[in-house]
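This report refers to the structure that appears directly beneath it.
The values are calculated or read from the model by the stated rules, or taken from the named source; none is laboratory data. Keep in mind that this is a model prediction, so the values were computed, not measured. As a convention, Cβ positions derive from the backbone with ideal geometry for all residues, glycine included, and neighbour counts pool all protein chains shown. Ligands, DNA and RNA are stripped out before the accessible areas are found, and what is left, the full protein with its side chains, is counted by its heavy atoms. Shrake-Rupley method; radii C 1.70, N 1.55, O 1.52, S 1.80 Å.
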Amino acid sequence: MSAMSTAKTLLAEALALPEGDLPANARIGAIEQWDSLAHTRILLALEERLGAPLDAEEAIAIESLEDIAALLVRRG
Amino acid sequence: MMQRPQGRPVNLTTERFLVRSLVPADACDRWCDWSADPDIMDPLNVPVRRASKDELMRYIARFDNDIGYLMGVFTKAMSLYIGFYMIEVNKMHATANVNLVIGDKTYWGKGVVNEVRAALLDEFFERRGVEKAYGTPLARNFPAVFNYKAQGWRLEGVLRGQCKSVVDGSRLDQYHFGMLRDEWRARKEKAA
């Protein structure tokens, strides 16, 4: 499974949206469901997936689907 | 001891909420309960301990609406008290340190923080002489960090190991977010 595909699954679950409804350019501010609680679910799901806490620089950088995929590649 | 003169209390209305300076009579059991709830206190790195109403009354009385503001957020519909903002103003530098607690968990994720904070930024930037606002959430306070970003605050720094956790003694990172008055005005103008 590619990092983008994993990121899409993770984001769709956190936002409670079907994966097919997620645009490739999904980001904070562009999707109504991406609110403060959903953002928390995204970061916690990422930590669970990576098996370690995100550091402050990594957590603050997550603003889009692309950012999630990039992090998964870096930490993969 | 000479008492500082009291400033002008804040009294604002947003689309869904009333925001006003608290007075000691606003201390209530609901608020005491928040202080004993780890879900609410841990993200703020404040020890969990049920405060008494007397303690809250004394706490509220410390704020003078001049350099220290403690403002409650009340629903318009039911006048239900759901949280508060604490703002400390440095008059020499025209800065304001903004802190907040939404204690009623049923209002989490409902856009309360930024709706109320927008009204407070308008008030403090346009009517109370503040030129820069800043906030320093814990890096692990993900909802708070989201709200700063969503509202357009600029990340000015990562304060590594800035404070010690009251839960387990580990060192915690904080972010420093800032908003200049001109940036806020430009943002509003763009949105209009």
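Residues to consider are A:Leu37, A:Leu11, A:Leu72; find the one that is assigned to a helix (DSSP H, G or I) and either touching a Phe, Trp or Tyr at 6+ places or on another chain (Cβ under 8 Å) or within 10 Å of another protein chain (Cβ to nearest Cβ) (or both).
One residue alone meets the criteria, A:Leu37.
Yes or no: A:Ala26 open to solvent by less than 70 Å² (accessible area, probe 1.4 Å), facing chain B (nearest Cβ under 10 Å) and out of contact with any Cys (no Cβ under 8 Å at 6 or more places or on another chain)?
no
Condition check: of a type in the set (Ser, Thr, Tyr), open to solvent by 20 Å² or more (accessible area, probe 1.4 Å) and either farther than 27 Å from B:Glu131 by Cα or without any contact (Cβ under 8 Å) to a residue 12 or more places away in the chain (or both). Does B:Tyr81 satisfy that?
no
Take the residues in region B:145-174 that are more than 8 Å from every other protein chain (Cβ to nearest Cβ) and of a type in the set (A, V, I, L, M); name whichever of them is surrounded by the most Cβ atoms within 10 Å (Cβ to Cβ).
Only one residue fits best here, namely B:Leu172.
Name the single residue, out of those in region B:159-182 being outside any strand (DSSP E or B), under 22 Å from the mean Cα position of the chain (by Cα) and not β-branched (Val, Ile, Thr), that is nearest to A:Glu58 (Cα to Cα).
Of everything passing the filter in region B:159-182, B:Ser165 is nearest to A:Glu58 (Cα to Cα).
Just to be sure, is A:Ile62 within 10 Å of another protein chain (Cβ to nearest Cβ) and modelled with pLDDT of 95 or more?
yes
Report those strands (runs of 3 or more DSSP E) wholly inside region B:39-129 carrying at least 2 residues which are away from chain A (no Cβ under 14 Å) and more than 21 Å from B:Gly7 (Cβ to Cβ).
Those strands (runs of 3 or more DSSP E) span B:81-90.
Report, by residue number, each residue of region A:40-57 that is assigned to a helix (DSSP H, G or I) and either more than 14 Å from every other protein chain (Cβ to nearest Cβ) or aliphatic (A, V, I, L, M) (or both).
If the condition is that a residue be assigned to a helix (DSSP H, G or I) and either more than 14 Å from every other protein chain (Cβ to nearest Cβ) or aliphatic (A, V, I, L, M) (or both), then A:Ile42, A:Leu43, A:Leu44, A:Ala45, A:Leu46, A:Arg49, A:Leu50, A:Ala56 are the ones that fit.
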